[in-house]
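Below: one structure, written as structure tokens.
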Amino acid sequence: MWERSTLAPLVDYPVFSSRVGIKKPDPRIYRLACEGLEVSPDQCLYVGDGGSNELTGARSVGMSPVQIELPFARPQDAVQIDAEEWDGARVATLSEVLALVD
């Protein structure tokens with residue numbers, strides 16, 4: 001389904017845990033993405049909602065993680081596996097991410 005999605009052309013190197021057999025926050029999945037993009041982790045801005053301890057996982061390999069606060073997700077309705085308390089950078093929309101990229 002990914003190949004037919006409207007997002008597929010916007011993503012240079014998608015990494016799906018179901019395909020690579022590694023899941024967040026395992027450092028190998030972040031490094032795999034970096035290798036595919038031919039960049040070092042310190043050149044990466046990682047944006048995620050904070051489930052699966054993904055933000056601390058990204059930080060552990062040297063990426064700059066940012067939590068996106070999904071406007072439609074209400075805390076009482078959200079089900080996030082291994083959701084983490086995040087004290088780092090946050091954005092409310094993807095357009096705000098552009099200000100973080102130089």
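The values are calculated or read from the model by the stated rules, or taken from the named source; none is laboratory data. What you see is a predicted model, and the numbers here were worked out from it, not measured in a lab. Heads up, the Cβs are rebuilt from the backbone with ideal geometry, glycines too, and the neighbour counts pull from every protein chain shown.
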ask   = Can you tell which of Pro65, Pro41, Pro14 is more than 22 Å from Asp87 (Cα to Cα), of a type outside the set (Val, Ile, Thr) and modelled with pLDDT of 95 or more?
value = Pro14
inquiry  = Looking only at the stretch 15-32, count every residue that is over 17 Å from Gln43 (Cα atoms) and either touching an Asp or Glu at 6+ places or on another chain (Cβ under 6 Å) or not charged (D, E, K, R) (or both) and tell me the total.
reply    = 9
key: From the options Ala58, Ala99, residue that is at pLDDT 95 or above and not basic (Lys, Arg)   = Ala58
request  = Within the stretch 1-54, count every residue that is among the polar types (S, T, N, Q), over 24 Å from Ala89 (Cα atoms) and either in contact with a helix residue (DSSP H, G or I) (Cβ under 6 Å, 6 or more places away or on another chain) or assigned to a helix (DSSP H, G or I) (or both).
outcome  = 2
